Amino acid sequence: MNPDPEFPTVRFPNPEEGKSALNDAIETANRSGTTIILANDPDADRLAVAEKSKSGDWKVFNGNELGALLGWWIIYIHNNSKCPIELKNCYMIASTVSSKILETMASRDGFTFIETLTGFKWMGNKAHDLVNLSNGIKILFAFEEAIGFMVSPAVLDKDGITAGIRLAELAAHLHNEGLTLADQLTKIYEMYGYHVSENSYYICRDPDIIEQIFTRLRKFDDEASDEFTYPKSILDGKYKITGVRDLTTGFDSTQPNNTAILPVSKSSQMITFYFENGLTITLRTSGTEPKIKYYSELRAPREERDWRKVEETLHEMVQGIVNEFIQPVKYGLDPKSD
């Protein structure tokens, strides 16, 4: 092997880009009869995972799905270990734009879930603060949807190497049980309810347009009002909004006194909408790229088994939010390139 810093075999050397970054790995796996691929990015702080199905197709798991799998596995390991710290004194952490599957697990299994701002700067520091708070506390796991995972309290940052080891352990355990990663993910959803996400972005190179989009959302009902008048529904009232959190202004209708708990930054745009049917969607700007990003998740009740219907509802809602809130056609925004 001759290492090449130009990474000529991929268009972009980041497994977060999805299947296109794994083409050579998939070809190699097909030739060798391998059914699981673990891939790190160049600095090995992210982990991508792909699995070959019985039909021969490859599934590339997204970060939220891997968060569910690793979260379940780490709980399993803890419960079957001799660790003196009870699960009720354990913590799991996820960024605010990531799946809330860990929150759902926490409500059933009894550990504590904490949400932070995006990035392991926030999650790592929160973990550090908690560990220093008491010797009787254990940080089990933290993750972000951008395939970043913290699986060991020894490294309070995203680490693709230790995450890969834990994932390999899980895959081996499931193989001995006659199960695949996809099988276990289905079992997790059956146990905790289906959690499905749809994330993407639009390119916007004009800061004034970005400002217009987010200002309009804050004055949606009355541009002249001194009060915030965020949207109350989408698609002509079909889906109602029950809460709004704006981490640019500090407004949060889900908290006492309408005051946000998470840190506020006036230098970036970030608004989260909570819907009556369990959808949460966050619209935010990127700190490094000219993008308006959206992160959505629809959490179905455990008894809901028509998962295709859940996916269709999510897609319908996301398209409604994009068209009514971001208005890409009006502003000439470019969608993410597939």
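Counting only DSSP H runs of at least 4 residues, each contributing -39500 (n - 2.57), and dividing by the residue count of the chain, the helix-based mean residue ellipticity at 222 nm comes to -10000 deg cm²/dmol.
Where Lys and Arg each count +1 and Asp and Glu each count -1, what net charge lies around G67 among other residues with Cβ under 9 Å from its Cβ?
Around G67, the charge tally is -3.
Could you work out how far helix 181-192 tilts from the main Cα principal axis of the chain, as a 0 to 90 degree angle to the nearest 10? With both axes taken from Cα atoms, the answer is about 50 degrees.
How much of the DSSP beta bridge set in the chain is antiparallel, as a percent to the nearest 5? Intermediate values should be presented prior to the final figure.
On the way: 44 of 55 bridges.
DSSP beta bridges in the chain are roughly 80 percent antiparallel.
Calculate, in whole percent, how much of the Cα-Cα pair population of segment 249-323 lies beyond 14 Å. The proportion of pairs with Cα distances above 14 Å equals 68 percent. Bridges between two residues of segment 35-166, per DSSP, are antiparallel at a rate of about 50%. Against the chain, whose longest principal axis is taken from its Cα atoms, helix 207-218 shows a tilt of about 80°.
Where Lys and Arg each count +1 and Asp and Glu each count -1, what net charge lies around G136 among other residues with Cβ under 11 Å from its Cβ? Display every interim value, and only then the final one.
Details: positive: K88, K138; negative: E86.
So the environment of G136 carries a net charge of +1.
The label point for S337 and the one for I36, both projected 7 Å from the Cα toward the Cβ, are 3.4 nm apart.
Among 20-30, 189-199, how do they line up by average Cβ neighbours within 10 Å per residue, starting with the highest? The partial results should precede the final answer.
Numbers: 20-30: 15.1, 189-199: 19.2.
Order by mean packing, descending: 189-199, 20-30.
Counting Lys and Arg as +1 and Asp and Glu as -1 over every other residue whose Cβ lies under 12 Å from the Cβ of A106, the net charge comes to 0. Element breakdown for segment 141-296 at a 1.4 angstrom probe: carbon and sulfur atoms account for 48% of the accessible area. Taking packing as the residue-averaged number of other Cβ atoms within 10 angstrom, the listed peptides 44-52, 132-140 run from highest to lowest as 44-52, 132-140.
For a distance above 31 Å, tell me the whole-number percent of Cα pairs in the chain that qualify. Of all Cα-Cα pairs in the chain, 36 percent lie more than 31 Å apart. In the chain, the longest principal axis of the Cα atoms and the axis of helix 307-321 are about 40 degrees apart. Where the centroid of each part is defined by its Cα atoms, how far is segment 124-157 from segment 71-111 in Å? Each part's Cα centre sits 12 Å from the other's. Look at the Cα gyration tensor of segment 56-111: its axes a ≥ b ≥ c give a/c of at least 1.5 with a/b at or below b/c, and that counts as oblate.
Let's test the formula: R0 of 22 Å, r as the Cβ-Cβ distance of N257 and S233. What FRET efficiency results, to the nearest 0.05? Efficiency, from the Cβ-Cβ distance: 0.35. Compactness ratio for segment 74-233: Cα radius of gyration over 2.2 N^0.38 Å (N = residue count) comes to 1.31.
The values are calculated or read from the model by the stated rules, or taken from the named source; none is laboratory data. All of these numbers come straight from a predicted model, not from anything done at the bench. In this analysis, Cβ positions are derived from the backbone assuming ideal geometry, glycine residues included, and neighbour counts consider all displayed protein chains. Just so you know, the surface numbers come from the protein's heavy atoms only, side chains and all, with ligands and any DNA or RNA stripped out. Shrake-Rupley method; radii C 1.70, N 1.55, O 1.52, S 1.80 Å.
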